[in-house]
């Protein structure tokens, strides 16, 4: 393998769908992006049963077999204790050992966080990793975090999210060195929200961040702020609700009436693509290495786009 190429470590076993679909996505990605090398971490039993599918792989793609794989409903603590030789654990460890530049999985989010915290070092200003994703928007995109890594946050945690988001946003969004930051809430008024967001609001008002205050769910795709912060419970529901709506509009025949009031290219609006598949792949922040989480239900097309986004993260963060 050419050591000069950036290397993506992939937990091929993670996700709801057949790993062979993700393998096809890898082959398609390599054809389009030959400047990246790939390390595929696969379960030994799966590899033995599907050995023929792993023949004649593109250049700079290698296979590493693992004793175990992690199911989507497996306890993260049990996985961490009993399956450190799983494809997910080994893929994360490859980044920790400088054998890869970034790790990608569509697998168990809790187990990913557990192994990432075990193998990698935490970075200030947040003690616990957070998942961040770039939302399309007009007139500009927005970095939303946390979208599911940790469900509960205190005020200090939310403050830390804002800090790490403000640090990363210039690399991902090209938004300048002083990005605008907002807290997702049930209203924009300072009297709105529960105690945690109220306390976080006061902390951020006293900070040196370019803090705008609260924003609402209706602001997510309006370019209201460069960075929008919330706990993982709220962020995950908000993200999946938006994705579900767009998928319904795209797939359901009974909703074809949309085509009568929107242009045929309604997925493209002012050069902004709102197709959810194009934005598959959230970045796990707060660690000393790049970790990307694709949707658990990623099919071949979705995983291909997650690979593209992983490559983009790698180039932007490491530049």
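Close Cβ contacts (under 9 Å, 6 or more residues apart or on different chains) running from residues in the range 68-88 that are under 15 Å from residue 296 (Cα atoms) to residues that are exposed (fewer than 15 other Cβ atoms within 10 Å of the Cβ) comprise 69/45; 72/16.
Residues in the range 95-117 that are on the phi < 0 side of the Ramachandran plot and over 19 Å from the mean Cα position of the chain (by Cα): 97, 99. The criterion of at least 2 residues that are free of Cβ contacts under 8 Å to residues at least 60 places away in the same chain is met by the following strands (runs of 3 or more DSSP E) wholly inside the range 142-251: 180-184, 210-215. Consider the range 11-44 and keep the residues that are buried (at least 20 other Cβ atoms within 10 Å of the Cβ) and modelled with pLDDT under 95. The one that is farthest from residue 60 (Cα to Cα) is 15.
Matching residues to (1) buried (at least 21 other Cβ atoms within 10 Å of the Cβ); (2) touching a strand residue (DSSP E or B) at 6+ places or on another chain (Cβ under 9 Å); (3) at pLDDT 95 or above:
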position	(1), (2), (3)
63	no, yes, yes
84	no, yes, yes
104	yes, yes, yes
116	yes, yes, yes
124	no, no, no
127	no, no, no
138	no, yes, no
146	yes, yes, no
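Residue 250: at pLDDT below 90 and surrounded by 15 or more Cβ atoms within 10 Å (Cβ to Cβ), yes or no? For residue 250, the condition - at pLDDT below 90 and surrounded by 15 or more Cβ atoms within 10 Å (Cβ to Cβ) - is met.
The values are calculated or read from the model by the stated rules, or taken from the named source; none is laboratory data. It should be emphasised that the depicted structure is a prediction, and the values quoted were computed from it without experimental measurement. Counting neighbours? That spans all protein chains shown, and the Cβs are built from the backbone with ideal geometry, glycine included.
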